[in-house]
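What follows is a single structure, written as structure tokens, with notes after it.
The values are calculated or read from the model by the stated rules, or taken from the named source; none is laboratory data. None of the values given here were measured: they were computed from a predicted structure. Using ideal geometry, Cβ is built from the backbone for each residue, glycine included, and neighbour counts are taken over all protein chains shown. Quick note on the areas: whole protein, heavy atoms, side chains included, nothing else; ligands and nucleic acids left out. Shrake-Rupley method; radii C 1.70, N 1.55, O 1.52, S 1.80 Å.
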Amino acid sequence: MSPVNRQPFLHLLLLFLFVGRIVAYIQIPPDYKYNDLKQLPKITSQPVSQTAFSLDDVNLICEASGNPKPTFRWVKDGRPFGEVLHDSGNLTVKRTEELSVYQGTYRCHATNDLGTAVSDLVHLMTESVPTLAKEKGQKKLQFEEGASTMLACNPPKSSITPKIHWMDKDFHHILLSERVTTALDGNLYFANLLLTDSRDDYTCNAHYLNASIILPKEPIAFTVTPSNSVVKNRAPQMKQPAGDHSSYLILKGQTLTLECIPDGLPTPSVEWDRKDSPLSLPPAKKLNFNRRFQIESVSEADDGEYACTARNSHGSITHYYTVAVEAAPYWTKKPEDHLYTRGETIKLDCQAEGIPTPNITWRINGDPYTGTDLDQRVRVISGTLIVDNAQYNHTGVYQCEATNKHGHILINTHVHVVVLPPQILTEDVKLYTVMVGSTAELECRTFGSPRPNVDWMIPDSSPAQSHPKMSEMTNGNLKISDVSEEESGLYKCSVRDSKLTISAELRVFNRTIIVAPTQDLQVIRGKDALIQCKYRWDTRLKPPTIQWKKDGQKISASRYSQDDVEGSLKVIGVQMKDSGVYSCEIITEWDSVEAIGFITVQDKPDAPASVVMSEKKQRSVTLSWTAGNENNSPVSEFVIEMMEDENAAEGTWKEYERVSQDIRQLEIHLQPYCKYSFRVRAVNAIGTSNASQPSEPYSTPSAKPDVNPENVTSVSTDPNSMIITWKELERRQFNGPGFKYKVSWRKASGMGPQWKESMVSGPPFIVKDTGTFVPFEIKVEAVNNIGEGPEPVAKLGHSGEDTPLEAPSEVMVELVSNKSGDIIVRWRPVSRESVRGHLLGYKIHLRRKHPRSHVHRWLEKRSLVSKSREHDRDDNRRVVKVYGNKEEEVVSGLHFYTDYILTVAAFNSKGEGPHSEPHHFRTPEGAPGPPSHLTFDSPSETEITLHWEAPHKPNGVLTGYLLQYCEIEDKNSQTVESINLPISSQYRVGRLNPQSRYQFNLSAQNSAGYGEPIKKEGETMLDGEPPSNLYILTDVKSVNLSWVPGDRQRNIPFSFRYQRNVSGSEWEESEQVNSSTGFFQLQGLQPETSYHLQIQSGNTTHEWTFQTIKPVMGEIASGFATQAWFIGLISAVVLLLLVLLILCFIKRSKGGKYSVKEKEECQADPGARSTKDDAFGEYRSLESDNEDKRSIIQPSVSESKRSSNDSLADYGDSVDIQFNEDGSFIGQYSGRRDPQSRGGHESSGATSPMNPNMPAPSISFPNSVTGILGPN
């Protein structure tokens, strides 16, 4: 290792070794007696950096303490400045010198006999008072309304940033907002101008706080003129800061302020965000109408990326801020002032942090420490100053200074090496009393510099250090562990090498204690109470005497059980008289100890007494009572119970009211014509008292009713009558005998004030022959034999409603947009008189003029969900309800390119009125829907023929199609071929790769553009061949032949050749079989006979042999069960039952049903529909349109689960069924449109380019029903 590299390593090693050493310093205790001690100088008032505009502003303060009193001197820019100062270190200026002479960096030095203290380094800036330069008169500016602008302030330059105020000529501040705001540079920004911004007194006032001056700039005038054209809105633009990114360097502890001032119309809103972590508010806050983002006392965690986004309805703009946080030096560990003894090691640990990391340097009495001093006992290791074997000349002020590019900090540390004579500070002959087994510490507190050493002598005059239970502590005390009686005696402490000695006496004994003192008990009456008083005493003494007392009197009654061993007292079956103070006293011959506890016996309260009614009035009475004994648990409340005459039976008291414990009387309000009795209970924490004796009964006199029925209203339904009803009164509100209701009514206008009346016992009351919807004044009054109740307030009611008489007029329809099917319907409302009831609103009836096409009806059956939509609409009709007395309504969701007939009718609760005159209108063209039923044929291995039908919703006149396709496996290029096609229903795509699978997208086009495409995947079919592997299952007279069709092979016909395996037999040939069926049954064979079987394919012949089985004994050879007609009948019955079960299940799950006629219409060929018919197809809801789309794009049943939406009856003419050899169902059904198109690719079998991996269903049933049912 080189010497250069070895030096840092040695420093670290020395520092590590030094940490393990004991660093000691001394503190003079307050009871040490010494003469006046010198003190090092200490700066008490530090100078601060400042800017001076005149000689009067120069004020550098420097004060210090010390003994002797220090003198002061200043250092400017590293050189002595001025004279030595004695009384005060404050810097004074000479009036004869220029102000600029004093600009510079300063330090103050305070010195006495022991050392020199140094102040912080401060900067004094000098500059002249800011003044305004002469400005040329500005022309009055002119701006257009809505434009943005900026008014510049440009205050005079100064080291002190002025505070900017924009004011008018009357010294009123310009009103700021999100639109008008000031920036940190003092300029005034307008995001957009209003006409009201025109003025001629925009004045910028710069306030220089240190110079105590305000400089007003020349007023700025401008005029905002109205725009000649419509005001054009614009997206936000960032005015301040400019550009899209800015960077900021901020020091830790300072305040970070980011500003974001955009312009734009409308006025943009501003959002702040932090990109690298969540934005926390607080401590961050937003100011100046969200145009400023401020973080006070910045930390390292605030370093990162921030963003400001200005946004309005026309766009947004974002500015990004990169904030770098660094730090001026700050202390993490400061050295401390201490007194030291000669010969000790001094360690001044000085650590500081900052960004960048600060450099640590040392000064001694103001002079820099260079490390080359002759005193080798002073060294610096990693910023820590160490003095080994400190001497008196090491006394001084040591300065630690940390510096980086952002500043510097300095701390003065006092090192005072002193000599003080030893003293013993503990009193002589001090007595120590301890218990056996505890630890005793005999004090011998000393002080001196150097630190005194002491020696202890035990009672037998031997050194204490020789005793294993004794140890001398570093502070001079003697510690005795596990004290016993043997350690009792007189001990001596002496200061080594002196005549200072003190004595200490130690006594050890046991004392009596109560280990479990008595506790305060709260006991419910009748239960036992156990008071504990466990104790411990010195067993060398006689057993103690236990004395129990209650309320200061000795206990001797037989109801008490005392256990002296356990120290407990049991009170059996406590009563109220047992409450009191219980004391337990443990008495020995040398000491005694006593504990006190309380027993409180509690019970529920006694019943209240003296329940009396007074001040009896017609409708009230005053009830008073006297509280019973609380039984040591305070009463929390009283319960007032009441019994009325209708509740006179036993046990029918009911709670009337609960009142707080401080109430002893209560005014009770009563009803007339009732008999009352009252009683009272008290409640505390233990429970509820018994009831008091009931009061004397009191009967209140009768009176007229106090109230009338509420909720008086008419609920009429018949046009020529009115039903009046109300809420009946309770019986207790009758107030007297003979209670009735007086019903009054009269017409609200026309026939005058004559009231008609009727007395009834309860609601409802019917008024007949009223006319239709005639307003009446109605009221109901309570009446008894004493009189009538208060005059009721008449309510307005009506007789029954009838349907409206008039139809709305002047119905108009306006298209909202040529790109949507939305319209605005307007009409003139009907007259109020014609409504004949409360107008609930209007109903808009829409009907499509053209009848539904076959395709629409077929799709409706394929999407039965539309039958359950609840919006007052069906396929051709729709009703829109408009509530309230409105005169227009927006109707959406109409079909494109469709003729409608529209009428409007008013309606009330009785129904609709007559319809308005029909209004005819047509919706504009829209983008067409996807084509219907896209299917594939594959005539060769490199070609696919696409078949499709026109869209269910052409939404206009079709002009062509767009076909796009690409290879699915070609993920790298994804080359898409596009072909524009004329009006057609098929197209052949050639030159395809037989090894690839393709994605086909087909879109229809009209004048509105291309519509949504129908998408399908497919691939070409390979040349087929007859099967080469057969699975043969024989029966008595037949054989089942099954095979697995080839993957993606095209269907080809072939036949089986077979002959009996006997000489002379001839070959027979079966009917044509499709290779895709996978199954065939040969019938008419001889039982128990061997056969040859062949399939010829070109020049290749495949052969097999099989043998039919022997008939079962007892089988009737010619029985009807083996006849073909019987097997077919049974098969048909089974198939019919299966179809009926599936239909019932679908009908049950959906609840929908439709007629056979509609069923036949749904199965009609939708291809027969013309383009013109599609242009004005049936009206359907938007939801139904979506269902139609889902139905159209299904390539086969295997791609669409129809278990919940379709009926098997929809596929009755194209059901393909296959069975395993055991007769189980293995086939599937598919909705082919054309059952005669054999070999087509719309089926879900293997012959389809869509499903190459699935076995193909047969085109028709097998040639024998026995093939379905399996062998006998």
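Here Arg95 passes the criteria (1) in contact with a helix residue (DSSP H, G or I) (Cβ under 7 Å, 6 or more places away or on another chain); (2) within 30 Å of His394 (Cα to Cα) except the one numbered (2). Annotation note: Cβ proximity below 7 Å between a residue of segment 951-968 that is on the phi < 0 side of the Ramachandran plot and a residue that is part of a loop (DSSP other than H, G, I, E, B) and among the basic types (Lys, Arg) (sequence gap 6+ or interchain) occurs for Ile968/Arg997. Considering segment 1044-1069 alone, what residues qualify as being open to solvent by less than 20 Å² (accessible area, probe 1.4 Å) and in contact with a Phe, Trp or Tyr (Cβ under 9 Å, 6 or more places away or on another chain)? Passing the criteria: only Phe1056. Of the residues Thr539, Thr588, the single one that is in contact with a Phe, Trp or Tyr (Cβ under 7 Å, 6 or more places away or on another chain) and on the phi < 0 side of the Ramachandran plot is Thr588. If you go through segment 200-212 and keep only what is out of contact with any strand residue (DSSP E or B) (no Cβ under 6 Å at 6 or more places or on another chain) and surrounded by fewer than 16 Cβ atoms within 10 Å (Cβ to Cβ), you end up with Asp201, Leu209, Ser212. So how many residues does segment 202-221 have that are under 50 Å from the mean Cα position of the chain (by Cα) and modelled with pLDDT of 85 or more? Of the residues in segment 202-221, 7 are under 50 Å from the mean Cα position of the chain (by Cα) and modelled with pLDDT of 85 or more.
Restricted to segment 123-137, and to residues there that are among the aliphatic types (A, V, I, L, M) and in contact (Cβ under 8 Å) with a residue 40 or more places away in the chain, the residue that is surrounded by the most Cβ atoms within 10 Å (Cβ to Cβ) is Leu124. Look at (1) at negative phi; (2) open to solvent by 90 Å² or more (accessible area, probe 1.4 Å) and you find that Met722 fails only one, number (2).
Each residue in segment 498-524 was checked for being in a loop (DSSP other than H, G, I, E, B), more than 30 Å from Gly580 (Cα to Cα) and in contact (Cβ under 8 Å) with a residue 24 or more places away in the chain, and 4 pass.
Of all the criteria given as (1) closer than 30 Å to Gly837 by Cα; (2) more than 47 Å from the chain's Cα centre (by Cα), the one not satisfied by Gln986 is (1). The number of residues in segment 784-810 being outside any loop (DSSP other than H, G, I, E, B), open to solvent by 60 Å² or more (accessible area, probe 1.4 Å) and either touching a Pro at 6+ places or on another chain (Cβ under 9 Å) or aromatic (Phe, Trp, Tyr) (or both) comes to 2. Within segment 188-199, is even one residue acidic (Asp, Glu) and open to solvent by less than 30 Å² (accessible area, probe 1.4 Å)? Yes: segment 188-199 contains one or more residues that are acidic (Asp, Glu) and open to solvent by less than 30 Å² (accessible area, probe 1.4 Å). Looking at segment 240-250, which of its residues are over 16 Å from Arg291 (Cα atoms), open to solvent by 30 Å² or more (accessible area, probe 1.4 Å) and part of a strand (DSSP E or B)? Result: His245, Ser247, Tyr248, Leu249. Criterion first (outside any strand (DSSP E or B), more than 20 Å from Met576 (Cβ to Cβ) and among the acidic types (Asp, Glu)) does Asp606 satisfy it? So Asp606 does not fit the description; no. Annotation: Leu846 fulfils all but one of (1) modelled with pLDDT of 90 or more; (2) outside any strand (DSSP E or B); (3) under 30 Å from Glu949 (Cβ atoms); the unmet one is (2).
Considering each residue of segment 138-156 in turn, none proves to be open to solvent by 50 Å² or more (accessible area, probe 1.4 Å), modelled with pLDDT under 90, out of contact with any strand residue (DSSP E or B) (no Cβ under 9 Å at 6 or more places or on another chain) and not acidic (Asp, Glu). Using the structure shown, decide if Val601 is among the β-branched types (Val, Ile, Thr) and not in a strand (DSSP E or B). Against the criterion (among the β-branched types (Val, Ile, Thr) and not in a strand (DSSP E or B)), Val601 does not qualify. Does Phe598 meet the test of being crowded, with 16+ Cβ neighbours inside 10 Å and among the aromatic types (Phe, Trp, Tyr)? So Phe598 fails the test. When segment 1023-1050 is filtered for residues that are among the β-branched types (Val, Ile, Thr) and in a strand (DSSP E or B), the ones remaining, listed by number, are Ile1032, Thr1034, Val1039. Looking across segment 474-494, the residues that are within 26 Å of Ile26 (Cα to Cα), in contact (Cβ under 8 Å) with a residue 24 or more places away in the chain and either assigned to a loop (DSSP other than H, G, I, E, B) or open to solvent by 30 Å² or more (accessible area, probe 1.4 Å) (or both) come down to Asn475, Gly476, Asn477, Lys479, Lys492, Ser494. Just checking: which of the strands (runs of 3 or more DSSP E) contained wholly in segment 623-705 hold 2 or more residues that are of a type outside the set (D, E, K, R) and under 26 Å from Pro737 (Cα atoms)? Counting at least 2 such residues, we get 637-644, 665-669, 675-683.
Only a single item in (1) at pLDDT below 90; (2) touching a Gly at 6+ places or on another chain (Cβ under 7 Å) is not met by Arg873, and it is number (2). If Glu781 satisfies every condition in (1) open to solvent by 20 Å² or more (accessible area, probe 1.4 Å); (2) part of a strand (DSSP E or B); (3) among the acidic types (Asp, Glu); (4) at pLDDT 90 or above but one, which is the exception? Only one criterion in (1) open to solvent by 20 Å² or more (accessible area, probe 1.4 Å); (2) part of a strand (DSSP E or B); (3) among the acidic types (Asp, Glu); (4) at pLDDT 90 or above is unmet by Glu781, namely (1).
For segment 172-186, what are the residues that are open to solvent by 10 Å² or more (accessible area, probe 1.4 Å) and under 14 Å from Pro262 (Cβ atoms)? Talk me through it step by step, then tell me what you get.
The initial filter retains those residues of segment 172-186 that are open to solvent by 10 Å² or more (accessible area, probe 1.4 Å), namely 172-179, 182, 184-185.
Answer for segment 172-186, where residues must be open to solvent by 10 Å² or more (accessible area, probe 1.4 Å) and under 14 Å from Pro262 (Cβ atoms): Ser177, Glu178, Arg179.
Within segment 456-473, the set of residues being open to solvent by 60 Å² or more (accessible area, probe 1.4 Å) and of a type in the set (Asp, Glu) comprises Asp460 only.
Is it the case that some residue within segment 763-770 is part of a loop (DSSP other than H, G, I, E, B), buried (at least 17 other Cβ atoms within 10 Å of the Cβ) and on the phi > 0 side of the Ramachandran plot? Looking for residues that are part of a loop (DSSP other than H, G, I, E, B), buried (at least 17 other Cβ atoms within 10 Å of the Cβ) and on the phi > 0 side of the Ramachandran plot, one finds none in segment 763-770, hence no.
Quick one: in segment 86-130, which of the residues that are assigned to a helix (DSSP H, G or I) and either of a type outside the set (A, V, I, L, M) or in contact with an Asp or Glu (Cβ under 6 Å, 6 or more places away or on another chain) (or both) is farthest from Thr71 (Cα to Cα)?
Here the answer is Ser100.
Taking every residue in segment 931-950 that is farther than 17 Å from Pro1013 by Cβ and pairing it with any residue that is surrounded by fewer than 19 Cβ atoms within 10 Å (Cβ to Cβ) and hydroxyl-bearing (Ser, Thr, Tyr), at least 6 positions away or on another chain, the pairs with Cβ-Cβ distances below 6 Å are Asp937/Thr945.
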